[in-house]
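Here is the structure we will look at.
The values are calculated or read from the model by the stated rules, or taken from the named source; none is laboratory data. Everything numeric in this text was worked out from a predicted model, so none of it was measured. Note that each Cβ is placed from the backbone with ideal geometry, even for glycine, and that neighbours are counted across all protein chains shown. Ligands, DNA and RNA are excluded from the accessible area calculation, which covers all protein heavy atoms including side chains. Shrake-Rupley method; radii C 1.70, N 1.55, O 1.52, S 1.80 Å.
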Amino acid sequence: MDLKNHIRSIPDFPKPGILFYDISTLLAHADAWQVAMGRLANAVRAYHPTKLAGVESRGFLLAAPLALKLGCGFIMLRKPGKLPGKTIGLDYGLEYGKDRIEIQEDAVEKGDRVVVVDDLLATGGTMAAGIALLEQVGAEVVAAAALIELTFLKGREKLNVPFEALISYDD
């Protein structure tokens, strides 16, 4: 099955000049969703994770059911003020400004092998920040994965771990 056939492209969203790859059409198609999750599970399983870390918010849509499928835990990487309890955060730069990502203080245990999951890898800033934050709290980040990679933005080059993607767009 060609998963690209189930992803809608929306020009000029969220702002002019951006081509947005909308995964909601894939999520709405039961067979395509099942195939995507199966392929992603096969790619991620090879890294023997104990936990998957989903990047807010579309990364949650992939990481949570994938963790269930793989029999491992799921943790959330979120924007500031969204997680209860004590959190640890990391400020990072983006091509258009600054942002911050947080994790609950007790989300990672010694020896956890974590794969960071998001829906799409573009410039790599958020994914790299998620990896750095997880390493800061003691996780062994063994890989990162996404449904889609925009290869022309070279985000993979910012990652210090192996990266897996099911779909790539080259321009």
Share, in percent, of DSSP beta bridges within the chain that are antiparallel, nearest 5: 35
Within straight-line cross-link reach of LYS110, lysines at Cα separation under 19 Å, skipping those fewer than 8 residues along the same chain: LYS51, LYS86
Charge dipole (debye, nearest 20) of the chain; +1 at Cβ of Lys and Arg, -1 at Cβ of Asp and Glu: 240
Of the chymotrypsin sites (Phe, Trp or Tyr not before Pro) in region 95-171, those whose Cβ has at most 13 other Cβ within 10 Å and which sit in DSSP loop: TYR96
Derived scalar couplings ³J(HN,Hα) [region 39-53; Karplus, 6.51 cos²θ - 1.76 cosθ + 1.60; whole Hz; x for Gly, Pro]: 5, 5, 4, 4, 5, 7, 3, 4, 8, 6, x, 9, 9, 10, 10
Per-residue HN-Hα couplings for region 5-15 [Karplus 6.51, -1.76, 1.60; θ = phi - 60°; Hz; x = Gly/Pro]: 5, 10, 10, 8, 9, 10, x, 6, 10, x, 8
Region 1-40, dipole about Cα centre (Lys/Arg Cβ +1, Asp/Glu Cβ -1), debye to the nearest 20: 80
Stretch in the chain that is longest and holds no GluC sites (Glu not before Pro) that DSSP places in a loop and that have at most 16 other beta carbons within 10 Å: 1-94
Estimated vicinal HN-Hα couplings, Hz - region 129-145 in sequence order (Karplus 6.51, -1.76, 1.60; Gly, Pro = x): 5, x, 5, 4, 5, 4, 5, 4, 8, x, 6, 9, 7, 9, 5, 9, 8
Accessible area of the chain belonging to carbon and sulfur atoms, whole % at 1.4 Å probe: 51
Proximal aspartates and glutamates to LYS154, defined as alpha-carbon separation beneath 18 angstrom and excluding residues fewer than eight positions away on the same chain: GLU95, ASP118, ASP119, GLU164, ASP170, ASP171
Gyration tensor (alpha-carbon) shape descriptor, region 13-111, a/c threshold 1.5: oblate
Nearest-20 debye value, region 91-171 charge dipole, Cβ charges on Lys, Arg, Asp, Glu: 180
Cα gyration tensor category, rounded, prolate or oblate, for the chain with a/c compared to 1.5: oblate
Net charge over other residues, Cβ less than 12 angstrom from the Cβ of LEU94 (K, R count +1; D, E count -1): 0
MRE, 222 nm, helices only [DSSP H, n ≥ 4, -39500 (n - 2.57), over the chain, to nearest 500]: -8000 deg cm²/dmol
Whether region 52-153 is rounded, prolate or oblate, judged on the alpha carbon gyration tensor where a/c under 1.5 counts as rounded: oblate
GLN136 versus THR25: modelled label distance in nm, points set 7 Å from Cα along the beta carbon direction: 3.8
Partners for LYS79 among lysines (Cα-Cα distance below 18 Å; same-chain residues under 8 apart left out): LYS98
Within the chain, longest stretch clear of exposed trypsin sites (Lys or Arg not before Pro) (DSSP loop, no more than 15 other Cβ within 10 Å): 1-81
